[in-house]
Amino acid sequence: MPPRRPGDAGQAFPIYITVVGGLLFLAFAYFAVGQAAANRNGAQTAADAAALAAAQERRDQLSKAWVDDLLAPEKWQDIFDGMTEGLTPSCWRAEQLAASNDATVLSCNADGLLSYTVEVQTNKTVGDSIVPGTETKKSLATATAVIEPRCGFDLPTAEEGADEEVVLPALNCKGGVDWELDPETPEDLLPKPEDLFDVHLAD
């Protein structure tokens, strides 16, 4: 084996420094990408939770309206379609859920009667990294949640209700669940909000 010349080590050292520097740069770059992805994921989680919360609040109001109008089945369809008097804004629940996920609601809108779209921004920035500007950059995300009636019914005919003060139709709900109702049904035995409506994120 030929003896190493002193110049060999000197020539190898700059190459070594370059390689190590390149690897460190890549490591920091991957770290920055990971930081940004984590921040975006946090924003999406907050947006999903906020949209679902607003929709669930509206679902609960509709369910209460149905209970209040139990003896007026002619009003049920409007309630299942999202139309009833006395509904109050639901976006306060979106703001609560966004805050619990360290984010702020930028907008919350009812898209029609049975849908909410929420945009949020993370309170935290991506953080310092080798990518310029990340120390002040916050992530945005949007989510839409929809409310879908789970039940259908057929109003009784005039003949069916002729001998009684009130005849309540049966509710035929998803999953093969039928609710036979009468005016004397205790409130705690009536269908719950989750029995009457599905709430889920839009596809």
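In the range 84-101 there is at least one residue that is in contact with a Gly (Cβ under 9 Å, 6 or more places away or on another chain) and over 17 Å from residue 58 (Cβ atoms). Checking 54, 47 one by one, the residue that is in contact with a helix residue (DSSP H, G or I) (Cβ under 7 Å, 6 or more places away or on another chain), small (Gly, Ala, Ser) and either modelled with pLDDT of 95 or more or closer than 25 Å to residue 154 by Cα (or both) is 54 and no other. Just one of (1) surrounded by 11 or more Cβ atoms within 10 Å (Cβ to Cβ); (2) at pLDDT 85 or above fails for residue 85. It is (1).
Residues checked against (1) over 16 Å from residue 112 (Cβ atoms); (2) in contact (Cβ under 8 Å) with a residue 40 or more places away in the chain:
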site	(1), (2)
47	yes, yes
50	yes, yes
55	no, yes
61	no, no
65	yes, no
72	yes, no
76	yes, yes
79	no, no
83	no, no
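Restricted to the range 101-203, the set of strands (runs of 3 or more DSSP E) holding at least 1 residues that are at pLDDT 95 or above, surrounded by 19 or more Cβ atoms within 10 Å (Cβ to Cβ) and not hydrophobic (A, V, I, L, M, F, W, C) comprises 115-125, 138-149.
On the stretch given as the range 39-87, residues that are of a type in the set (Asp, Glu), over 29 Å from residue 124 (Cα atoms) and part of a helix (DSSP H, G or I) total 4.
The values are calculated or read from the model by the stated rules, or taken from the named source; none is laboratory data. All values derive from a computational prediction rather than experimental measurement. Quick reminder, even Gly has a Cβ in these numbers, built from the backbone with ideal geometry, and neighbours come from all protein chains shown.
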